[in-house]
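Novice: Can you read through this structure? Questions will come right after.
All of the numbers you see were taken from the coordinates with simple rules; none came from a lab. Bear in mind that the values here come from a model prediction, so they are computed numbers and not experimental data. Neighbour counts run over all protein chains shown; Cβ positions are idealised from the backbone, glycine included.
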Amino acid sequence: MRNIVIHRSDPDEEVAYWVECPSLGIASMGDSIEEAITMIREAIELHIEDLKTHGEVIPPEDSAELPAAQSLMIEA
């Protein structure tokens, strides 16, 4: 599983939320939290697939040691 961090965008931004997966160094955006999570899941899957295709090292998955109120774990 991977930790993701959801951020509320500034009011003047085009998209309401942006989300990142720090262990992979990728980010995505969405107009809702649900859309942002869907987009980062897809980004995680594609990024890992690309790493495998190019024979690159896949960073280890995150541990579930963060307090539940501060993290959201997704399967990817």
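Novice: Every residue in the stretch 17-61 that is touching an Asp or Glu at 6+ places or on another chain (Cβ under 7 Å) and part of a loop (DSSP other than H, G, I, E, B), please.
Specialist: Listed by number, the list holds a single entry, S23.
Novice: Ok, one more. Can you name the residue in the stretch 1-26 that is surrounded by 14 or more Cβ atoms within 10 Å (Cβ to Cβ) and in contact with a His (Cβ under 9 Å, 6 or more places away or on another chain) and, of all such residues, is farthest from A43 (Cα to Cα)?
Specialist: Taking the candidates together, the pick is Y17.
Novice: Still on this structure, I have one more. Look through the stretch 29-45, keep the residues that are under 17 Å from M1 (Cβ atoms) and in contact with a strand residue (DSSP E or B) (Cβ under 9 Å, 6 or more places away or on another chain), and return whichever of them is surrounded by the most Cβ atoms within 10 Å (Cβ to Cβ).
Specialist: Selected residue: I40.
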